[in-house]
Amino acid sequence: MGPTNSQQEEKPRATGEREDALKNFAQTTSRLVKQAASILEEELAAGIGAAKQVEEKLFDVPKLRSGKPEEVMQRFRRDAHEVVDILMDVLQGAASALGGMAERAVKIRSGAAAPSERMEPGKTATVELQQPVKGGQSAEVPLTLANDSDAATPEFSFFATDFVSASGERIPAASATFNPPSLVIAPHAAEKVTVTVRVPEGTPAGVYSGLLQANKLGQLRAVLILKVE
Amino acid sequence: MAGFELVERYLSECQELALAGILALLPAGGPRRHLYDLVGSYPQRGGKGLRPGLCIGTCRAFGGNTRSALNSAIALELFHNAFLVHDDVEDGSEYRRGLPTLHAEHGLAIAVNVGDAMNVLSIRPLMQNLPLLGPELTWRVFAEIEHMVRQSVEGQAMELGWVRDNQCDLSEDDYLRMTLKKTCWYTCIHPCRIGALIATAGGCDLDGFNRFGYYMGAAFQIQDDLLNLTGDRAKYGKEIGGDIWEGKRTLMLIHVFNHASPAEKTRLSRFLSTPRTERSARDVRWVYRLMDKYGSIEYARAAARELAEGALREFQWAYRDALPGPHKDFLESIVLYMIQREL
């Protein structure tokens, strides 16, 4: 039988006593592993409490969970780990925010000068010419493109669809040209692009609309509306 | 190391990938001499590549590819090196990976700022995940990293507080909790979780990696502390016995405290309350003898072995859905490598 604790404290142990202690290592370290498991569970539980507090401050949990009930049930309840529930709520909210950030990176503003109105994120901008145009004439539309992100845009250019009237008449897409033809916008900078639409002779009167779309920036698009007399 | 060629080759490959990624992050402009040239200093000294290895290896084992995990692996390695720079300042360490520590060579102020820069630069590869992984996975990786970094600084605060307050009445429980927070989350648990998260788009049980990573990380930390006491400096790259000079509360020191006589405890407490610069080599040798007398080093070796065995058991569960092959083999082999390594 090994020495008691008090004996160990009172005098240095001899070699034999040390060997006894070494024989007990397996038992001691098994306890160590169990201790480790218990500590991990405690820390995870503490983490769940903290995550809940954060979540309640930042997210409307019932609203988030009501979005896709089947997916939520499948993903959230499968392993009964409450922490996963919380993380997923946080992440879903954050993912929406990230997606929004990417979409909002470059905005179109109508007009050459400082715009009076910004386009709402997620909605396609509408640019309407105030003055009517006659067949054989051209109309110019200045646009301001603002890059609100921390990174420069890739080099991109615009293209247009045909302009269509309510009665189905068309102005060909090739009638629209862009100056400059391509551009890069630095972070937190704005650039101007002028759209010129040459209305062919004999174009029937009416209100025509067409889509202007940037390549490489899928979210950058605007509907251009012009009135032909 | 004999028998661990696969592990060392795998780690080396992942470390090189992470290092190339880190160097590519460095801005072309200045300041160079007092900042960006130094950011690459620790990573280029040849770390083990443990964190990139676990992240990339786990991703591959669950069917993912290297490219999708690489940004996260780069961030993990850079965060790790930032921790090391600041850790060396906090501990007053003199050597890191065989060379003088950054603060020893360039001064405290420069070293702290370089560590800050490394932390900041770590964020960029995580942002670069967005086009590769999409917003939801990118954010989930961010959430893993946020937890990882917070746990690490909390664990570091625990350990620094023990030294500052000269706390001597510590238990194994205290040590295991501190190690979980300071080492295990960022060295093992989160690299594995992130690798699996990316490979499966969140479709696997990430909590299965918690115990595996914890036991393996704790075994790794104990082995690291053992090498600090008994290792070959040429291989280990740090001053041998540095932890005793620093008064670091290792499992061995805690064991000694819990077995020493009252007189020995009093002397040990006095030694630990003495500023590092005033501690004597004679006293450090005496602490070594005390550890030998109470079998503290053997005890810690056995503890590391038990934890590694626990990790191997947990491996079977955590990686039950992983594809058989070299990546899974590497991950299983790395557990024993952790406690048999010499550097």
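Mean-square fluctuation check for chain B, GNM, Cα pairs under 10 Å: which of B:GLY134, B:GLY115, B:GLY40 is largest?
B:GLY134
Using a Förster distance of 35 angstrom, determine the FRET efficiency expected from the C-beta separation of B:ALA157 and B:LEU132, and round it to 0.05.
Given R0 = 35 Å and the Cβ-Cβ separation, E is 0.55.
Once both labels are modelled 7 Å past Cα along the beta-carbon direction, what's the A:GLU41-B:TRP317 spacing in nm?
1.1
For chain B, build the charge dipole from Cβ charges (+1 Lys, Arg; -1 Asp, Glu) around the Cα centre, then report which of B:LEU336, B:LEU312, B:ILE189 sits farthest towards its positive end.
B:LEU336
GNM on chain B, C-alpha springs below 10 Å: top fluctuator among B:CYS188, B:CYS14, B:CYS204?
Highest fluctuation of the listed residues: B:CYS204.
Rounding to the nearest 10 and keeping the result within 0 to 90°, find how far the Cα-based axis of helix B:326-340 lies from the longest principal axis of chain B.
Value to nearest ten degrees: 10.
Can you give the average number of partner chain beta-carbon atoms within 10 Å of each beta-carbon in peptide B:296-309, as a whole number?
Details: counts 1, 0, 4, 7, 2, 2, 8, 8, 2, 3, 9, 4, 1, 3.
If you average over the peptide's residues, the count of other-chain Cβ atoms is 4.
When Cβ neighbours within 10 Å are restricted to other protein chains, what is their mean count per residue of peptide A:143-149?
0
On a C-alpha basis, how far is the centre of the range A:155-171 from the centre of the range B:40-117 in Å? Whole number, if you could?
Using only Cα atoms to place each centre, the spacing works out to 54 Å.
Please give the charge dipole size of the range B:207-343, origin at the Cα centre, charges +1 on K and R Cβ atoms and -1 on D and E Cβ atoms. Round to the nearest 20 debye. The partial results should precede the final answer.
Values: 21 positive and 19 negative charges, 123 e Å.
It works out to roughly 600 debye.
Solvent-accessible area per residue for the range B:1-72 at a 1.4 Å probe radius, Å²?
Per residue, the range B:1-72 has 41 Å² of solvent-accessible surface.
With n ≥ 4 as the cut-off for DSSP H runs, can you work out [θ] at 222 nm for chain B, using -39500 (n - 2.57) per run divided by the number of residues, rounded to the nearest 500?
-23000 deg cm²/dmol
State the answer as a single residue: which of B:ALA61, B:ALA75, B:PHE4 lies farthest towards the positive end of the charge dipole of the range B:1-96, with beta carbon charges of +1 for Lys and Arg and -1 for Asp and Glu, about the Cα centre.
Sorting the options by dipole projection puts first B:ALA61.
Nearest 10 degrees, 0 to 90: what angle lies between the long axis of helix B:108-121 and the longest principal axis of chain B (Cα atoms)?
30
Please report the buried accessible area for the interface of A with B, total over both chains, probe 1.4 Å, in Å² to the nearest 100.
When A and B are taken together, about 3400 Å² of accessible area is lost.
Would you work out the charge dipole size for the range A:121-175 about its Cα centre, treating the Cβ of every Lys and Arg as +1 and the Cβ of every Asp and Glu as -1, and quote it to the nearest 20 debye? Could the numbers behind the result be given before it?
Details: 3 positive and 7 negative charges, 53 e Å.
Result for the range A:121-175 is approximately 260 debye, rounded to the nearest 20.
Using a 7 Å offset from Cα along Cα-Cβ at B:ASP37, what residues in the range B:89-126 end up with backbone N under 18 Å from the label point?
B:100-115, B:117-118
Can you give the angle from 0 to 90° between the axis of helix B:66-91 and the longest principal axis of chain B, with both taken from C-alpha atoms, to the nearest 10?
Compared with the principal axis, the helix lies near 20 degrees.
What distance in nm lies between label points placed 7 Å from Cα along the C-beta direction at A:LYS134 and A:VAL207?
So the two model labels end up 2.3 nm from each other.
Tally Lys/Arg at +1 and Asp/Glu at -1 over every other residue whose Cβ is under 12 Å from the Cβ of B:LEU312; what's the total?
Overall, the nearby charge balance is -1.
Can you tell me what percent of all Cα-Cα pairs in chain B are more than 36 Å apart?
Roughly 19 percent, rounded to a whole number.
Two-decimal Rg/Rh of the range B:34-80 from alpha-carbon positions, Kirkwood Rh?
Taking Rh as the inverse mean 1/r over Cα pairs, Rg/Rh reads 1.07.
Could you give the C-alpha radius of gyration of the range B:226-327 expressed as a fraction of 2.2 N^0.38 Å, taking N as the number of residues it contains?
Scaled against compact globular proteins, the figure is 1.40.
The values are calculated or read from the model by the stated rules, or taken from the named source; none is laboratory data. Values in this document were obtained by computation on a predicted structure and should not be read as measured data. Glycine gets a Cβ as well: all are built from the backbone with ideal geometry, and neighbour counts include every protein chain shown. Please note that ligands, DNA and RNA were not included when accessible areas were found on the heavy atoms of the full protein model with its side chains. Shrake-Rupley method; radii C 1.70, N 1.55, O 1.52, S 1.80 Å.
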